[in-house]
Protein chains: 4
Amino acid sequence: MSLNTFGHLFRITTWGESHGPALGATVDGCPPGVPLEPEQIQHWMEARKPGRSKHTTQRREADEVEILSGTFEGVTTGTPIQLMIRNTDQRSKDYGDIAEKFRPGHADITYWQKYGVRDYRGGGRSSARETAARVAAGGVARAALGQLLPNLRITGYMTAMGPLDIDRDRFDWEEIARNDFWCPDPVAAQAFGDHLDWLRRDDHNSVGAIVECVARGLPPGLGAPVYGKLDTDLAAAMMSINAVKGVEVGEGMQAARLTGRDNADEISMGPGGPVYSSNHAGGILGGISTGQDVVVRFAVKPTSSILSERRTITKAGEDTTIVTRGRHDPCVGIRAVPVAEAMMACVLLDHLLLHRGQVGDGGGRIG
Amino acid sequence: MSLNTFGHLFRITTWGESHGPALGATVDGCPPGVPLEPEQIQHWMEARKPGRSKHTTQRREADEVEILSGTFEGVTTGTPIQLMIRNTDQRSKDYGDIAEKFRPGHADITYWQKYGVRDYRGGGRSSARETAARVAAGGVARAALGQLLPNLRITGYMTAMGPLDIDRDRFDWEEIARNDFWCPDPVAAQAFGDHLDWLRRDDHNSVGAIVECVARGLPPGLGAPVYGKLDTDLAAAMMSINAVKGVEVGEGMQAARLTGRDNADEISMGPGGPVYSSNHAGGILGGISTGQDVVVRFAVKPTSSILSERRTITKAGEDTTIVTRGRHDPCVGIRAVPVAEAMMACVLLDHLLLHRGQVGDGGGRIG
Amino acid sequence: MSLNTFGHLFRITTWGESHGPALGATVDGCPPGVPLEPEQIQHWMEARKPGRSKHTTQRREADEVEILSGTFEGVTTGTPIQLMIRNTDQRSKDYGDIAEKFRPGHADITYWQKYGVRDYRGGGRSSARETAARVAAGGVARAALGQLLPNLRITGYMTAMGPLDIDRDRFDWEEIARNDFWCPDPVAAQAFGDHLDWLRRDDHNSVGAIVECVARGLPPGLGAPVYGKLDTDLAAAMMSINAVKGVEVGEGMQAARLTGRDNADEISMGPGGPVYSSNHAGGILGGISTGQDVVVRFAVKPTSSILSERRTITKAGEDTTIVTRGRHDPCVGIRAVPVAEAMMACVLLDHLLLHRGQVGDGGGRIG
Amino acid sequence: MSLNTFGHLFRITTWGESHGPALGATVDGCPPGVPLEPEQIQHWMEARKPGRSKHTTQRREADEVEILSGTFEGVTTGTPIQLMIRNTDQRSKDYGDIAEKFRPGHADITYWQKYGVRDYRGGGRSSARETAARVAAGGVARAALGQLLPNLRITGYMTAMGPLDIDRDRFDWEEIARNDFWCPDPVAAQAFGDHLDWLRRDDHNSVGAIVECVARGLPPGLGAPVYGKLDTDLAAAMMSINAVKGVEVGEGMQAARLTGRDNADEISMGPGGPVYSSNHAGGILGGISTGQDVVVRFAVKPTSSILSERRTITKAGEDTTIVTRGRHDPCVGIRAVPVAEAMMACVLLDHLLLHRGQVGDGGGRIG
């Protein structure tokens, strides 16, 4: 049952609303004996924090994570880890408008239709604020992965914003953390910034983006066919993030355009095992990792909370219009980058544990 | 735990290998009292059957489904439904080559690396033959949906093959069942056929495709945020199908290119409830159905089993080359269409039951 | 996966250690629209609270429950409900003895052997303190049941302590809340008190007990054969409570002594449906409720934390002895009563939702 | 979701009705590389087979198990294992009586009330015939345990029938397989036989029984607190077996009668690790195995299908009487013994895999 829980053996349950007293993640299944201090989690929280630049929402949240359970003397004990983040900047204001009107393109209307009650303040449970809990849980996953797979690197970045794409020839891993967009291409980062300034200030608009996330150093053999495949779980993980409308692995949608001859990643024998001529597969074959980079990509739609007027209806069923004021991300893709990394960390740890349970140290040798 | 099981309340567990004695699906959670005869399931099996045209594998399988449990006097009883399909055309042949060599782009190598043992005959469990069991299970889901949502229509079709796309202006629902490609555009269907003839015969190659699947008539309110969202489960369902590398809902990856103003599906009040000016969302907001058409799309990569020689290695770790002879689909996207419909039926029934359990007849009214 | 999570659709995940900063329950799957205020939960917490009488541990805890999420304007929203209880009376003391020595009959040794690390303070996660979170979650279940099944009554009570049994002829429902033992027989309650005074003060010993829990007003048809049967889930729920060593439904272990003729609850037709001549079955046949009282009973072993010296070993593997001082319940059965009620409430609500999801309003009529 | 599925990582889903064409078990999560031939499973099927002596039902079933998937060249592959057993002795007869009348003490009435449709032939899904599939699945678990824990021994036996108990002083492991009752006491076995002859022939009655099951050779550390405890899962496993009304671990219900001083299993250091002075705990502390014998016990009620007339009602709601003719077990406890062993094997393998996944080779050393 994955209603508010994600994962098989490493399981996160996130809870909390945008404007409630707190939110957090209940993390079950973290292996015992992993060093875990709040600072480690805080490190990842900083990346997702609102108000980090002018390009994200100006809501101010310390996003301070308290570890309420599951560790003892700085080490995980194998029991559930409760991570709590107090909300501190729920502005007291008049919510009348969004309480009665539905924002087009927002979950306002469907939450109402489903539940018949909704916490409209800041979007309630459907707010991107929920992803803070994911990043916290991802921090735990990272800590465990740090022990189990010390060479693993998980890195997310933006490759497109609206009509603008990065140039892969300028791809620079070091650049990613240097700009406000987690963008590996400094030229594109500049263009992203200019475009977003214009959209926000002049066009009263928002824009979509593409985020890519890569795991380097994953061993072959992870993934549980046929419904718990590694790519299936990664697709679910990413699609569950707010505003995501498409997910790709390796070539993704472009795989439709290729022939079998072009798409085949040819194999030869290297000193440390199989070596591939290319990575169209994105590191996953038959739902199982090949040992190459695992490459996942997803599209984030533009936020529906914009200053431009759109036609909509009220709860009472009357036609009206709406303009969403308040603090909103003009490009939610930016803050989706650390969330993607966190979800990837959770999936990879989960599959590592699952593989260990199912197969142990087994698996086939080559050569 | 979703290893070989998919679903929350309506759960399918598929089993069986390409060249074993049989394969099938254990279907748990079908509501009681649903009329279900083998013929109903057989109807859907025909669509996926190999050898239906010259464009698919020439393996001959009756794909006859036996219902071994869960029905009584032609009606479901609420107990598990076992659907078994005997394999009848597992050709006795020398498997030496694929037993020792790994096909580039195929799950041969990862299954070996994971499990240390594999049924290499026809790809074993990683064969697309597994999807026959999904279609059978989908037949059960369709029967139940027929009772619970008699106006629901689930329709899949191909929108692209390699470089060729359909023209949406020629979209004709009636055309879909008329050609070998489940293609709604008769002109594109003709082009698909010509292209595939050339690829198979002259180029010894294969090609990818894009499949779209639409559900019309779904009520608003289905979907279980935030990890069992309707789109999350649809993404998982589609990504779990062999060869799928990307999944989209509504605008999909193109959502990245849009602005908030353009992407907003404006709402007005119609006689029967909310009416939307467009459907960029693909019928899902915040993971919950809006009542519009639910639109899912995915890309299928070209099969790796081609007559062209590719470089690879042996289990012993020696460099070599491989040419895959035998009966393979040059475009696996064709037979993925009924599989997509089946998976969508399973997801929609599952969420209908889940919603009924969680919320009952509740939910909010508009107007 | 039921590691720290219990339930199918109504799911509770408890977290927290005896001497950590807090503990609680993450409650997922509560239906929307249920009125829920902290006071309602607090009401049930009082019953389990330590230090309620001289017969329970003298640890002082306010056991105040904060609702951190999942409600809005006093009503549940269908999203996860986080219930947090701050620990306030974790006495700062020297834990040296139980840090190095294992208490015989206690989970000290197995937690160590399993995890290689343990929070020994107050038993950590294996402490009965964890059950506070269950009672809080049970309060949510009660609130939802109050709406869905207003006539349902769940009542637990003690029927035996050590060698002393209640006399069923003196059974008085009103008496249960009047004494310190939740005992329906006032004479037995007096005897329990005298016995426990002697055990604690003079014998430096502890004692086991039998707790019974009855649900009156449950409709027929709840239970999900064959592995999610109502009695299976009740057995799991009760066996998961600390110190429980046996669980019975209806006749329980005595069923072995009966003949088929005696055990059959004969049926006749009453004005409101089937009427049974007896209830040997404890209200459950084939894992499904009959509509009679559901009767569950379990035995709680005596606590291993006693002032009498017992032989044991240290972590270093040396033979030694141990005397457990500190604040412990001489009869944990007393405080197990509200825990049993809470677990029963969770199971019943869960099965009510599950049934609604699977079967809807269906089911067979009689007459 | 454990509707018709049991287990966390090693998962069995049983399917099939008493008088349908076949029944079986879908086994998911068996580790790869385990030698598995049908004969190994058949070995365990023989023990449960009906008609093995005059004391069990005279239905004749070959109970031949076909392995339809999941093995290759006699070895498991890590994919789902489908085990099918054809029903061969569903006697064609007039079911009119049980189709219209409900047997008191039988699931006839609750299945009807829940589902509104039921396969009344032989009890359909609620028949003890379902346990054949459990024994088959248990055969797979035994095969895997044979590799992973070669010294593990799982042995079930009957300790009581109606008023008759074994004498523990005459307990002889070798005797268990020698008599018709899996009874470790030859004198009691004789008495069981005489009693049952009289009950069946002269009294037209049936009787309950107590079954005990012991696992010897289990390492410490297995069990997943606090809701997937080893004893919790064993209790669920046993309570899910038809006709079981009570489950005990170690002292079981008698634990209520003991004092803490008596109940404590004192610990000393032996050459191979901790040694316990007694085993009141039944090998489980805090839900985790201690390394001692794991001892589970359960009571089976007398079957409700007897030749004596009982009062009941019809589906139409009319008062009537019923006498159940046909082939029934006068003491279902006998054939419950191999079922108990099978369920225990499934639980232990499951927890072994779970522990391996969660903790790996970790865990604390003593000494």
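The values are calculated or read from the model by the stated rules, or taken from the named source; none is laboratory data. Not measured: the values here are computed from a predicted model. Every residue, glycine among them, receives a Cβ derived from its backbone with ideal geometry; neighbour counts consider all protein chains shown.
Values computed for the structure shown
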quantity: C:Arg52 being over 17 Å from C:Gly24 (Cβ atoms), away from every other protein chain (no Cβ under 14 Å) and either among the β-branched types (Val, Ile, Thr) or out of contact with any Pro (no Cβ under 6 Å at 6 or more places or on another chain) (or both); calculated: yes
quantity: The range A:13-54, residues that are farther than 20 Å from A:Arg142 by Cβ and among the basic types (Lys, Arg); calculated: A:Lys54
quantity: Restricting the range B:280-294 to residues that are in contact with a helix residue (DSSP H, G or I) (Cβ under 9 Å, 6 or more places away or on another chain) and under 30 Å from B:Gly162 (Cα atoms), the residue that is farthest from the other protein chains (Cβ to nearest Cβ); calculated: B:Val294
quantity: Given (1) modelled with pLDDT under 95; (2) buried (at least 22 other Cβ atoms within 10 Å of the Cβ); (3) not basic (Lys, Arg), index of the condition C:Gly360 fails; calculated: (2)
quantity: Count - residues of the range A:323-355 that are surrounded by fewer than 22 Cβ atoms within 10 Å (Cβ to Cβ) and in contact with a Gly (Cβ under 6 Å, 6 or more places away or on another chain); calculated: 0
quantity: Meets criteria (assigned to a strand (DSSP E or B) and within 25 Å of D:Glu46 (Cα to Cα)) for D:Val337; calculated: no
quantity: Qualifying residue in the range A:158-172 (condition: out of contact with any helix residue (DSSP H, G or I) (no Cβ under 9 Å at 6 or more places or on another chain), closer than 23 Å to A:Ser305 by Cα, modelled with pLDDT of 95 or more and not hydroxyl-bearing (Ser, Thr, Tyr)); calculated: no
quantity: Identity of the residue in the range A:125-183, part of a strand (DSSP E or B) and of a type in the set (S, T, N, Q), that ends up surrounded by the fewest Cβ atoms within 10 Å (Cβ to Cβ); calculated: A:Thr155
quantity: Members of the range D:230-255 found to be in a helix (DSSP H, G or I) and within 7 Å of chain C (Cβ to nearest Cβ), listed by number; calculated: D:Asp231, D:Thr232, D:Ala235, D:Ala236, D:Met239, D:Gly252, D:Met253, D:Ala255
quantity: Which numbered condition B:Met269 fails, given (1) within 22 Å of A:Asp265 (Cβ to Cβ); (2) over 23 Å from the mean Cα position of the chain (by Cα); calculated: (1)
quantity: Residues within the range B:204-260 that are among the acidic types (Asp, Glu), closer than 23 Å to A:Ser304 by Cβ and touching a strand residue (DSSP E or B) at 6+ places or on another chain (Cβ under 6 Å), tallied; calculated: 3
quantity: Complete set of residues in the range B:36-53 that are more than 18 Å from B:Glu341 (Cβ to Cβ) and touching a Gly at 6+ places or on another chain (Cβ under 6 Å); calculated: B:Glu37
quantity: Conditions (1) more than 8 Å from every other protein chain (Cβ to nearest Cβ); (2) on the phi < 0 side of the Ramachandran plot; number of the one not met by C:Gly217; calculated: (2)
quantity: Answer residue from the range B:259-279, given it is over 23 Å from A:Ala316 (Cα atoms) and buried (at least 24 other Cβ atoms within 10 Å of the Cβ) and is nearest to the other protein chains (Cβ to nearest Cβ) among those; calculated: B:Gly260
quantity: Residue satisfying condition, being buried (at least 24 other Cβ atoms within 10 Å of the Cβ), over 30 Å from C:Ala144 (Cβ atoms) and modelled with pLDDT of 95 or more, within set C:Thr312, C:Thr290, C:Thr320, C:Thr303; calculated: C:Thr312
quantity: Residues of the range D:256-298 classified as assigned to a strand (DSSP E or B) and touching a residue at least 60 places away in the same chain (Cβ under 8 Å), total; calculated: 11
quantity: The lone exception for D:Arg356 - which of (1) charged (D, E, K, R); (2) more than 7 Å from chain C (Cβ to nearest Cβ); (3) part of a strand (DSSP E or B) it fails; calculated: (3)
quantity: Candidates D:Arg310, D:Arg356, D:Arg325, filtered to the one that is among the basic types (Lys, Arg) and touching a Pro at 6+ places or on another chain (Cβ under 7 Å); calculated: D:Arg310
quantity: Residue selected from the range A:4-17 under the condition outside any strand (DSSP E or B) and under 17 Å from the mean Cα position of the chain (by Cα), by the criterion farthest from A:Leu83 (Cα to Cα); calculated: A:Gly7
quantity: Residue in the range B:26-46 that is more than 21 Å from B:Pro330 (Cβ to Cβ), within 17 Å of the chain's Cα centre (by Cα), within 14 Å of chain A (Cβ to nearest Cβ) and in a loop (DSSP other than H, G, I, E, B) present; calculated: no
quantity: Residue in the range B:184-204 that is farthest from the other protein chains (Cβ to nearest Cβ), counting only those that are assigned to a loop (DSSP other than H, G, I, E, B) and surrounded by fewer than 22 Cβ atoms within 10 Å (Cβ to Cβ); calculated: B:Asp202
quantity: Breaking point among (1) away from every other protein chain (no Cβ under 11 Å); (2) crowded, with 24+ Cβ neighbours inside 10 Å, for A:Pro225; calculated: (1)
quantity: Those residues of the range B:299-317 which are part of a loop (DSSP other than H, G, I, E, B) and either under 20 Å from B:Gly273 (Cα atoms) or more than 7 Å from every other protein chain (Cβ to nearest Cβ) (or both), in sequence order; calculated: B:Ser305, B:Leu307, B:Glu309
quantity: Any hit, the range C:248-262, residues being in contact with a His (Cβ under 9 Å, 6 or more places away or on another chain), under 25 Å from D:Glu130 (Cα atoms) and among the basic types (Lys, Arg); calculated: yes
quantity: Of all residues in the range B:63-84 being assigned to a loop (DSSP other than H, G, I, E, B) and among the charged types (D, E, K, R), the one that is surrounded by the most Cβ atoms within 10 Å (Cβ to Cβ); calculated: B:Asp63
quantity: Residue identified as touching a Lys or Arg at 6+ places or on another chain (Cβ under 8 Å), over 22 Å from B:Gly364 (Cβ atoms) and either basic (Lys, Arg) or surrounded by fewer than 19 Cβ atoms within 10 Å (Cβ to Cβ) (or both) among C:Arg59, C:Arg11; calculated: C:Arg59
quantity: Odd one out for C:Gly363 among (1) more than 29 Å from C:Asp233 (Cα to Cα); (2) within 7 Å of another protein chain (Cβ to nearest Cβ); calculated: (1)
quantity: Residue pairs meeting the criteria (Cβ under 6 Å; at least 6 apart or on separate chains; first closer than 13 Å to C:Thr76 by Cβ and without any contact (Cβ under 8 Å) to a residue 12 or more places away in the chain, in the range C:138-157; second of a type in the set (Phe, Trp, Tyr) and assigned to a helix (DSSP H, G or I)); calculated: none
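So that you can scan it fast, the table gives a plain yes or no per residue for (1) under 21 Å from B:Asn205 (Cα atoms); (2) of a type in the set (S, T, N, Q):
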{"position": "A:Leu234", "(1), (2)": "no, no"}
{"position": "A:Ser240", "(1), (2)": "no, yes"}
{"position": "A:Lys245", "(1), (2)": "no, no"}
{"position": "A:Met253", "(1), (2)": "yes, no"}
{"position": "A:Asn263", "(1), (2)": "yes, yes"}
{"position": "A:Pro274", "(1), (2)": "no, no"}
{"position": "A:Asn279", "(1), (2)": "yes, yes"}
